[in-house]
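Colleague: Structure provided below as structure tokens; questions to follow.
The values are calculated or read from the model by the stated rules, or taken from the named source; none is laboratory data. Since the model is a prediction, treat every value here as computed from it, not as a measurement. All Cβ positions, even for glycine, are placed from backbone atoms using ideal geometry, and neighbour counts span all protein chains on display.
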Amino acid sequence: MGIKDSLYLGKEGKRKQIERWLGMNNIHSYTLRPINELPFWTIDVDGADVNLVGNKQISLPDYIVFNEIRGGNFLCSYSEFTSMKGFPKMVGRNLDISFSKIKSLEYAPDLVDKDFVACGLVFSEEQIREKTRVTNNVYC
């Protein structure tokens, strides 16, 4: 089910769909923030990691839009993701996209408040730092 289906589910139906996806991916310390456009909600995660390591989807579902990962890591190394669409704007610790299939830095976070790890990919440290403010190390 994609973002076009959001209109049919309505705001509360979309909330339930997001909550179901978060539960299936063991993401429990979150807050859904309402927004006035599709997909109706963004996701803040508080003090916990988002672990999507080895995920077999090529992208996050259209209705999953992370906003901030506060005090945690966003991990999707060895995944099939080809895009960072839906990734958080801010990661409070490490972002690890190593050995994924991400092809572009489009939709990369604005801030990674520790390390940005992109081993096995084609991005240089300079490219990453041009796109994302990284407060610590970039590993390529």
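Colleague: Report every pair of residues separated by at least 6 positions or lying on different chains whose Cβ atoms are under 6 Å apart, first residue within the range 67-79 and over 16 Å from V117 (Cα atoms), second surrounded by fewer than 20 Cβ atoms within 10 Å (Cβ to Cβ) and at pLDDT below 95.
Modeller: G71/G47
Colleague: Identify all residues within the range 102-124 that are of a type in the set (S, T, Y) and at negative phi; write none if there are none.
Modeller: Scanning the range 102-124 gives S104, S124.
Colleague: I would also like to ask the following. With respect to N67, determine if the residue is among the polar types (S, T, N, Q) and in contact with a Phe, Trp or Tyr (Cβ under 9 Å, 6 or more places away or on another chain).
Modeller: no
Colleague: Now for a separate question. Restricting the search to the range 88-98, which residues are buried (at least 23 other Cβ atoms within 10 Å of the Cβ) and part of a loop (DSSP other than H, G, I, E, B)?
Modeller: Hits for the range 88-98 are P88, I97.
Colleague: How many residues does the range 8-24 contain that are modelled with pLDDT under 85 and either aromatic (F, W, Y) or more than 10 Å from F40 (Cα to Cα) (or both)?
Modeller: Of the residues in that region, 2 qualify.
Colleague: Within the range 119-137, can you find the residues that are closer than 22 Å to Y78 by Cα and either in contact with a Gly (Cβ under 7 Å, 6 or more places away or on another chain) or outside any helix (DSSP H, G or I) (or both)?
Modeller: Correct list: C119, G120, L121, V122, F123, S124, T132, V134, N137.
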